[in-house]
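Here is the structure we will look at.
The values are calculated or read from the model by the stated rules, or taken from the named source; none is laboratory data. Just so you know, these numbers come straight off a predicted model, no measurement behind them. Ideal geometry is used to build each Cβ from the backbone, glycine not excepted, and the neighbour counts take in all protein chains shown. Ligands, DNA and RNA are excluded from the accessible area calculation, which covers all protein heavy atoms including side chains. Shrake-Rupley method; radii C 1.70, N 1.55, O 1.52, S 1.80 Å.
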Amino acid sequence: MSTAVSSNSSVAPGTQDRPLRIAVVGSGPAGVYAADMITKSAEVRDGLVVSIDLFDRYPAPYGLIRYGVAPDHPRIKGIVNALYKVLDRGDIRFFGNVEYGTDLSLEDLQKHYDAVIFATGAIKDADLNIPGVELDGSYGGADFVSWYDGHPDVSREWPLNAKEIAVIGNGNVALDVARVLSKHADDLLVTEIPENVYAGLKESPVTDVHIFGRRGPAQVKFTPMELRELSHSKDVDIVLYEEDFDFDEASDVAVKSNNQVKTMVNTLTNWLVEQEDDAADPTTGASRRLHLHFLHNPVEITGQDGKVTGIKFERTELDGTGNARGTGEFIDYPVQAVYRSIGYFGSALPDVEFDHKRGVVTNEAGRVIGTDGTHVPGVYATGWIKRGPVGLIGHTKGDALETITHLLADREELPLAAVATPEAVTELLDSRGVEFTTWEGWLELDAHEKALGAAASETGPVQRERVKVVPREDMVSVSRGASVVG
């Protein structure tokens with residue numbers, strides 16, 4: 001990695017004497033892709049020298065991949081491997097366990113870097129404004145994802161006492177939530193789930209999980225891969241309902257023009273056809289059932305004594321354009337838990353303008369906009385905090401390319417960092433008592449989690465590649481070279 005030998009801001013950045021200093025806040029795919037693209041840009045190939053530091057609030061890297069994707073997702077390992085290769089090259093520094101807004105301010109970053117890219121993603125659930133959403137047993141899907149992914153800042157306990165569960169949403173996260181809820185805990189042992197998650201899921205009495213979407217089968221937002229994964233769960237029947245299969249003109253156009261939509265509609269209709277003729281019992285006798293419902297709009301979560309006892313929907317119909325309208329017909333389902341998975345929503349960042357309606361940092365094509373409506377010099381955004389929580393992880397690459405293209409185009413006008421030496425950042429964090437972790441520390445934690453998996457494999461029923469460490473203090477301790485007891 002190139003190092004600056006002088007803090008003289010009068011030296012033009014981008015040379016061996018004074019590399020262009022860039023801070024990226026967030027080490028998930030968005031942040032890593034942006035950093036990687038800068039190092040591989042035409043400007044760098046033509047001689048521009050850059051020095052990039054990646055900051056994350058968590059002690060470990062990978063962001064959404066570690067804390068937002070179901071552990072049994074088949075593509076997760078491939079994405080982790082790709083991010084690993086970027087960070088393991090040694091030309092991008094990683095600072096974990098550093099909280100933007102607490103440990104470092106925007107002023108701090110601007111003092112030490114010529115440009116700052118925010119790639120903080122979105123971790124909160126979008127609001128569902130219906131009566132009863134506050135009842136005990138009504139949960140945010142994103143919160144549940146954080147729990148089963150071993151997020152260090154959430155409780156290690158989760159109330160899994162419902163036999164019948166509703167999951168609201170027709171996106172990939174909704175399917176992940178429903179699959180984990182319905183899957184038998186032993187079948188998740190081959191993943192990296194922490195021990196507390198396995199123990200919780202093992203005791204779950206669930207028999208039926210219902211997924212509800214507002215529109216029809218041709219309008220779902222999940223992907224063919226996520227849909228097919230549902231059928232891989234052992235001892236779990238998939239149940240569909242013929243009255244939910246409605247296709248309007250827009251649906252027909254989507255099926256004919258979009259191969260992904262065609263694949264999903266074909267999969268769903270084939271599953272429907274394969275069900276037994278007796279619609280009252282379209283199952284194989286599995287101990288758990290996963291029901292897929294379409295054309296249902298939630299209107300109220302019902303309860304008794306402050307606890308969820310059911311959920312009411314209005315039946316909808318397609319209007320010819322692929323959108324849905326109410327029919328005036330209502331239906332109640334007895335459930336003891338409701339999981340809201342209708343999307344994520346970004347969180348405001350200190351000292352940065354925020355669009356509270358869209359849940360994004362105020363920006364134009366990645367250039368962050370200030371209160372006066374103009375670009376804040378040297379400040380950028382990428383990923384979900386830039387465009388909102390839409391699209392798959394792969395879409396993040398194109399998003400990052402747009403942002404870094406603007407950054408590099410602006411490099412002649414960037415406000416120069418007053419203190420441009422890389423060691424100044426570590427000295428600042430040390431002076432504030434921040435127990436930051438490094439890439440080398442992650443390698444230690446990575447090896448530790450794999451060792452936990454090997455130990456579990458010796459006494460358990462299956463081979464485990466790793467067991468995820470949950471407590472933040474343990475993650476920091478291992479990463480910084482101390483021992484962890486227990």
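What's the total number of residues in region 204-254 that are within 26 Å of GLU329 (Cβ to Cβ) and aliphatic (A, V, I, L, M)?
The total comes to 9.
Looking at ARG57 and the list (1) without any contact (Cβ under 8 Å) to a residue 24 or more places away in the chain; (2) in a loop (DSSP other than H, G, I, E, B); (3) basic (Lys, Arg), which single condition is not satisfied?
Just one mismatch for ARG57, condition (1).
Quick test for you: out of ALA199, ALA126, ALA142, pick the one residue that is at pLDDT 95 or above and either within 19 Å of VAL236 (Cα to Cα) or among the aliphatic types (A, V, I, L, M) (or both). Step through it out loud before you land on a result.
Details: ALA126 fails: at pLDDT 95 or above; ALA142 fails: at pLDDT 95 or above.
ALA199 is the lone residue from the list that is at pLDDT 95 or above and either within 19 Å of VAL236 (Cα to Cα) or among the aliphatic types (A, V, I, L, M) (or both).
Just for region 435-486: of the residues that are touching a Leu at 6+ places or on another chain (Cβ under 7 Å) and of a type in the set (Phe, Trp, Tyr), which one is nearest to ARG89 (Cα to Cα)?
My answer is TRP439.
Residue by residue, here is whether (1) surrounded by 13 or more Cβ atoms within 10 Å (Cβ to Cβ); (2) part of a strand (DSSP E or B); (3) touching a strand residue (DSSP E or B) at 6+ places or on another chain (Cβ under 8 Å); (4) at pLDDT below 95 holds:
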{"site": "PRO298", "(1), (2), (3), (4)": "yes, yes, yes, no"}
{"site": "GLU317", "(1), (2), (3), (4)": "yes, yes, yes, no"}
{"site": "GLY322", "(1), (2), (3), (4)": "yes, no, no, yes"}
{"site": "VAL352", "(1), (2), (3), (4)": "yes, no, yes, no"}
{"site": "PRO389", "(1), (2), (3), (4)": "yes, no, yes, yes"}
{"site": "THR396", "(1), (2), (3), (4)": "yes, no, no, yes"}
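Suppose we filter LEU109, LEU64, LEU83, LEU87 for residues that are crowded, with 17+ Cβ neighbours inside 10 Å, within 12 Å of the chain's Cα centre (by Cα) and assigned by the TED database to the domain that holds LEU408; which single one remains?
LEU64
Out of ALA115, ALA126, ALA119, ALA142, report the one residue that is in contact (Cβ under 8 Å) with a residue 12 or more places away in the chain and either open to solvent by 40 Å² or more (accessible area, probe 1.4 Å) or more than 20 Å from the chain's Cα centre (by Cα) (or both).
The unique qualifying residue is ALA115.
Run down ALA280, ALA348, ALA337 and say which single residue is among the aliphatic types (A, V, I, L, M), modelled with pLDDT under 95 and touching a strand residue (DSSP E or B) at 6+ places or on another chain (Cβ under 6 Å).
ALA348
Yes or no: region 70-78 includes at least one residue that is part of a loop (DSSP other than H, G, I, E, B), in contact (Cβ under 8 Å) with a residue 60 or more places away in the chain, farther than 21 Å from ALA409 by Cβ and touching a Ser or Thr at 6+ places or on another chain (Cβ under 8 Å).
Yes, some residue in region 70-78 is part of a loop (DSSP other than H, G, I, E, B), in contact (Cβ under 8 Å) with a residue 60 or more places away in the chain, farther than 21 Å from ALA409 by Cβ and touching a Ser or Thr at 6+ places or on another chain (Cβ under 8 Å).
Search region 231-256 for residues being in a helix (DSSP H, G or I) and under 30 Å from ASP187 (Cβ atoms), and hand back the single one that is least open to solvent (accessible area, probe 1.4 Å).
ASP244
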